Amino acid sequence: MFWSFEVVLSVGRGKRRLTTALVKMATKIIYFTVNGRPEQAEFPVDCPAQDVKDLFRAAAEAGPHDILKLYNTKGSIINISPQLEPNSPHACYKLEVVATDCNRKPLGGELAVALGFDLSSMEKSSLEVTEEVRQYLKTPTFDNWQWEDTEIMVLLQVMYTDLDFISTFNIEVEVLQQFLYEVYRRYNNIPFHNFKHCFCVTQMMYGLIWLTDLRTKMESIDLLIMLTSAVCHDLDHTGYNNAYQINARTELALRYNDISPLENHHCAVAFEILEKKESNIFRNLTTEQYKRIREGMIKCILATDMTRHNEILNKFKSILPSFDFSNKDHKDVLMMIMIKVSDISNEARPMDVAEPWLDCLLQEFFNQSDMEKLEGLPVTPFMDRDKVTKPSSQTGFIRFVLFPLFIELANLFPCLEQHIIDPVRKALDYYTEMEKALDKEKQT
């Protein structure tokens, strides 16, 4: 369809319409409802993404810090972007304000500049997140790709609020915001081990806490340790694993004597953040509480070193028949297992969420093997782009790493079978078929 205009940005039935008749250009029309009323948005096919978002924001009469989401007819979130699929009035999308900022007082300063937005949308007094989103956040099916970093910051705060950490541990909201900001800026812009990965691991941990009803089985301070460890578990990751650090004799490997260089560094950066009064979410706790949290976080974060995988899993298996939630040693091992499961849980998510993460991981792996070849270092076999295929990278990992780990956790919590075991089975079938197809292609 062609219209004569330089810019067409129109919403609704005759309302909020701007048209300038200059040139001919193809447009698309999107039909949707907002607050139960039918609306339509019309924009050029090559319209800038921000203009499209502003258009829908105007349709919802939303404030600049409110969070909007668009749902398709199946109830799934879809990106508000120029790539939106045109629909008909009989197959309307639904536009919803999922988090409302009633206050909008700017915190200003470095935070707003660095994040490119006003962090007032995170203020406890003004932030209202819908119950639907709060419940969705507790599920392993949560789709991180539909949420921007600014929105993720809000969701992380929701987790601390809904687990009652704010009130239980007297965490000031401004301090939590500053802590999350410091965490955000210490995740590097690399393909996989970035801020979005931090969020995914934390969100899975959060979901597991709710699914297993851990709030009735463990103390709040242990849950605080687990969630905060997930937030901090890959701080300042370089994109090159421990084998590279050791073989290249990097500063980290020298500093930590080749013993879990990355994980030790992630811990150190976490406690650098927590040493600053303005970002120390534990500053109102007793010395004993802080000591317990520090000890627990170090154990959890160091447990994410995959070279310790079998050691930790075997220990968990040995105590499982007589597992006792009143036994501190048992709980410590469970906490390590929980962060390990959360850390490598992408394949427990829906395929359209999990597969892009695999692409990101392989990109980071291939970058490392390329560097190893360039520097004459031993090439990590499972990262070599000349030897690894997408399906081959996953089938063995799922069979020999994911399944043994996930199954043991499900032995303690049978309810997890449907949530994390069944999706991984589907992922294994998917990549097995892909591998067969690739092998068949090579033979022809």
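The values are calculated or read from the model by the stated rules, or taken from the named source; none is laboratory data. All values derive from a computational prediction rather than experimental measurement. Quick reminder, even Gly has a Cβ in these numbers, built from the backbone with ideal geometry, and neighbours come from all protein chains shown. Heavy atoms of the whole protein, side chains included, go into the accessibility calculation; ligands, DNA and RNA do not. Shrake-Rupley method; radii C 1.70, N 1.55, O 1.52, S 1.80 Å.
Conditions first: (1) within 30 Å of Glu131 (Cβ to Cβ); (2) in contact with an Asp or Glu (Cβ under 7 Å, 6 or more places away or on another chain); (3) modelled with pLDDT of 90 or more; (4) surrounded by fewer than 19 Cβ atoms within 10 Å (Cβ to Cβ). Ile29 passes all but one, so which condition is the exception? Only one criterion in (1) within 30 Å of Glu131 (Cβ to Cβ); (2) in contact with an Asp or Glu (Cβ under 7 Å, 6 or more places away or on another chain); (3) modelled with pLDDT of 90 or more; (4) surrounded by fewer than 19 Cβ atoms within 10 Å (Cβ to Cβ) is unmet by Ile29, namely (1). Can you name every residue in segment 314-344 that is open to solvent by 20 Å² or more (accessible area, probe 1.4 Å) and small (Gly, Ala, Ser)? Ser318, Ser322, Ser326, listed by residue number. If you go through segment 174-218 and keep only what is within 29 Å of Lys328 (Cβ to Cβ), of a type outside the set (A, V, I, L, M, F, W, C) and touching a Ser or Thr at 6+ places or on another chain (Cβ under 7 Å), you end up with just Gly207.
Starting from residues that are not in a helix (DSSP H, G or I) and not hydrophobic (A, V, I, L, M, F, W, C), keep the ones in segment 400-444 and report whichever is farthest from Ser345 (Cα to Cα). Explain how you work it out, then say what you get.
In the first step, residues of segment 400-444 are kept if they are not in a helix (DSSP H, G or I); the result is 413-415, 444.
Those still in the list that are not hydrophobic (A, V, I, L, M, F, W, C) too: 414, 444.
Working: Pro414: 17, Thr444: 36 Å.
Out of the qualifying residues, it is Thr444.
Taking (1) surrounded by 14 or more Cβ atoms within 10 Å (Cβ to Cβ); (2) assigned to a helix (DSSP H, G or I) in turn, Val388 satisfies each apart from (2). With respect to the conditions (1) at pLDDT 95 or above; (2) surrounded by fewer than 18 Cβ atoms within 10 Å (Cβ to Cβ), Thr150 falls short on a single one, namely (1).
Restricting attention to segment 146-160, the residues that are touching a strand residue (DSSP E or B) at 6+ places or on another chain (Cβ under 9 Å), of a type outside the set (A, V, I, L, M) and in a helix (DSSP H, G or I) total 4.
If I ask for residues that are open to solvent by 10 Å² or more (accessible area, probe 1.4 Å), among the small types (Gly, Ala, Ser) and not in a loop (DSSP other than H, G, I, E, B), which ones from segment 224-259 would you list? Passing the criteria: only Ala243. Identify, please: which residue in segment 38-58 is among the small types (Gly, Ala, Ser) and assigned to a helix (DSSP H, G or I) and is, among those, modelled with the highest pLDDT? Taking the candidates together, the pick is Ala58.
Can we say Glu311 is without any contact (Cβ under 8 Å) to a residue 24 or more places away in the chain, within 25 Å of Ala243 (Cβ to Cβ) and open to solvent by 50 Å² or more (accessible area, probe 1.4 Å)? If you could, list the steps in order and put the result at the bottom.
On the way: without any contact (Cβ under 8 Å) to a residue 24 or more places away in the chain: yes; within 25 Å of Ala243 (Cβ to Cβ): yes; open to solvent by 50 Å² or more (accessible area, probe 1.4 Å): yes.
Considered against the rule, which asks whether it is without any contact (Cβ under 8 Å) to a residue 24 or more places away in the chain, within 25 Å of Ala243 (Cβ to Cβ) and open to solvent by 50 Å² or more (accessible area, probe 1.4 Å), Glu311 comes out as yes.
Would you please name the residue that is surrounded by the most Cβ atoms within 10 Å (Cβ to Cβ), looking only at residues in segment 289-308 that are part of a helix (DSSP H, G or I) and β-branched (Val, Ile, Thr)?
Of all residues in segment 289-308, those part of a helix (DSSP H, G or I) come to 289-302, 306-308.
Right, trim to β-branched (Val, Ile, Thr) and you get 293, 298, 301, 307.
Working: Ile293: 21, Ile298: 18, Ile301: 28, Thr307: 12.
The extreme case among them is Ile301.
Does Ile221 satisfy being closer than 29 Å to Asp329 by Cα, surrounded by fewer than 21 Cβ atoms within 10 Å (Cβ to Cβ), under 24 Å from the mean Cα position of the chain (by Cα) and touching a residue at least 40 places away in the same chain (Cβ under 8 Å)? The answer is yes for Ile221.
Within segment 161-203, can you find the residues that are assigned to a helix (DSSP H, G or I) and basic (Lys, Arg)? Explain how you work it out, then say what you get.
Of the residues in segment 161-203, the ones assigned to a helix (DSSP H, G or I) are 161-162, 165-168, 173-185, 195-203.
Across segment 161-203, the qualifying residues are Arg185, Lys196.
Exactly one residue among Glu372, Glu355 is acidic (Asp, Glu) and touching a residue at least 12 places away in the same chain (Cβ under 8 Å), and that residue is Glu372.
Screening Glu408 against (1) charged (D, E, K, R); (2) within 20 Å of Met336 (Cβ to Cβ); (3) open to solvent by less than 30 Å² (accessible area, probe 1.4 Å) leaves a single unmet condition, (3).
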